[in-house]
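Report on the structure given below.
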Amino acid sequence: QVQLIESGGGLVQAGGSLRLSCAVSGRTFSSNTMTWFRQAPGKERLFVAGIIWWGGTTTYADSVKGRFTISRDNAKNTVYLQMTNLEPEDTAIYYCAARYLGGVSRQPRDYDYWGQGTQVNVSS
């Protein structure tokens, strides 16, 4: 079993920055791919960024490319999402997800484990 715990959300003004963390515990070797999704009120859950744990290859949604950076610290079993130049449209609950087999997928149904989410609010 894999447990994911997100942290780092909060309220920030437009143009500001936040860093989200996703601590992975349990059977960490079971997680080949780690991905961040987000879900705004009344909207579907959308792909934000993903990373292959053991190679570091990253993939980004077009809406965040150049502003967000996903990274991982193998020693700490933690995945990060550094968010800069935040916009009000980035307001959402951000979820960390882990996938046992396969590369980065933009489909939530392809992921095996999920965190509880962390709220990000960006004011204009």
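Among the residues of the range 8-57, those identified as more than 10 Å from the chain's Cα centre (by Cα), polar (S, T, N, Q) and modelled with pLDDT of 95 or more are Gln13, Ser17, Gln39.
Applying the condition of being closer than 18 Å to Leu101 by Cα and assigned to a loop (DSSP other than H, G, I, E, B) to the range 33-73 and asking which residue is least open to solvent (accessible area, probe 1.4 Å) yields Trp53.
Looking only at residues of the range 84-109 that are within 12 Å of Ile52 (Cα to Cα) and surrounded by fewer than 17 Cβ atoms within 10 Å (Cβ to Cβ), we find that the one that is modelled with the highest pLDDT is Ser105. Considering the conditions (1) open to solvent by 20 Å² or more (accessible area, probe 1.4 Å); (2) more than 12 Å from the chain's Cα centre (by Cα); (3) modelled with pLDDT of 95 or more, Asp112 is excluded by exactly one of them, (3). Each residue in the range 8-59 was checked for being within 15 Å of Pro88 (Cβ to Cβ), touching a Ser or Thr at 6+ places or on another chain (Cβ under 8 Å) and without any contact (Cβ under 8 Å) to a residue 60 or more places away in the chain, and 1 pass.
You will find that of Leu11, Leu81, Leu20, the residue that is under 27 Å from Ser124 (Cα atoms), hydrophobic (A, V, I, L, M, F, W, C), assigned to a strand (DSSP E or B) and open to solvent by 10 Å² or more (accessible area, probe 1.4 Å) is Leu11 and no other.
Only a single item in (1) over 15 Å from the mean Cα position of the chain (by Cα); (2) under 22 Å from Ser124 (Cα atoms); (3) free of Cβ contacts under 8 Å to residues at least 12 places away in the same chain is not met by Lys65, and it is number (1).
For Arg109, indicate whether it is free of Cβ contacts under 8 Å to residues at least 40 places away in the same chain and basic (Lys, Arg). Let's see the steps before the verdict.
Numbers: free of Cβ contacts under 8 Å to residues at least 40 places away in the same chain: yes; basic (Lys, Arg): yes.
So Arg109 passes the test.
Counting the residues of the range 23-32 that are assigned to a strand (DSSP E or B), surrounded by fewer than 22 Cβ atoms within 10 Å (Cβ to Cβ) and not hydroxyl-bearing (Ser, Thr, Tyr) gives 2.
The values are calculated or read from the model by the stated rules, or taken from the named source; none is laboratory data. Being a predicted model, the structure only gives us computed values, none of them experimental. Heads up, the Cβs are rebuilt from the backbone with ideal geometry, glycines too, and the neighbour counts pull from every protein chain shown. Remember, those area values only see protein heavy atoms, side chains included, never the ligands or the DNA or RNA. Shrake-Rupley method; radii C 1.70, N 1.55, O 1.52, S 1.80 Å.
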